[in-house]
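Asker: Dumping the structure here so I can ask a few things about it.
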Amino acid sequence: MESWGVFFLGLIALASVAQTAFLIGMALQGRRVAKRVDEIQERLDRDIRPSLENLNRFTRNLGEVSELVLLQGRRIDDLLADTALKIQDTTTVLHNAVVKPLGPLLDAAAFFKGLRRGYAVYQQLRGYDRGARGHGRNHSAGEDEHLFI
């Protein structure tokens, strides 16, 4: 039975040595991988960091430009509002200076226009009156035939 014990102890020792060799190989490979990862990180830092700094600078500049555009937009809005107010004031002044003094004149012109139109209607009705007596324009019964059913 002792031979079996020695055999198993030898087998355990051999497995331990193989396990140790495997762990040492893994540690060496781990060091190589860590070294490569460090190299990749250094290369990325070297290549990408300037791009990130440029991107940060770009976003800051874009923020400043958008603030300036907003400020200019507000200025333009204020300018347009002021211009509209001045136009309204000018219109009011012109109305008070020109239209109000001409108001009675416009009323008189409207009155005379009404008189002229009344006279024209009077002349027209007078012409129809003469037409009934036979002095006006010739009006045939055939022209009115389509009005009767």
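Asker: On the basis of being assigned to a helix (DSSP H, G or I) and surrounded by 10 or more Cβ atoms within 10 Å (Cβ to Cβ), does G73 make the cut? Please lay out each step first, then the result.
Answerer: Numbers: assigned to a helix (DSSP H, G or I): yes; surrounded by 10 or more Cβ atoms within 10 Å (Cβ to Cβ): yes.
Yes: the conditions hold for G73.
Asker: Next question, about the same structure. Quick check on S51: is it among the hydroxyl-bearing types (S, T, Y), assigned to a helix (DSSP H, G or I) and modelled with pLDDT of 90 or more?
Answerer: Answer is no for this residue.
The values are calculated or read from the model by the stated rules, or taken from the named source; none is laboratory data. Quantities reported herein were computed from a predicted structural model and do not represent experimental measurements. Heads up, the Cβs are rebuilt from the backbone with ideal geometry, glycines too, and the neighbour counts pull from every protein chain shown.
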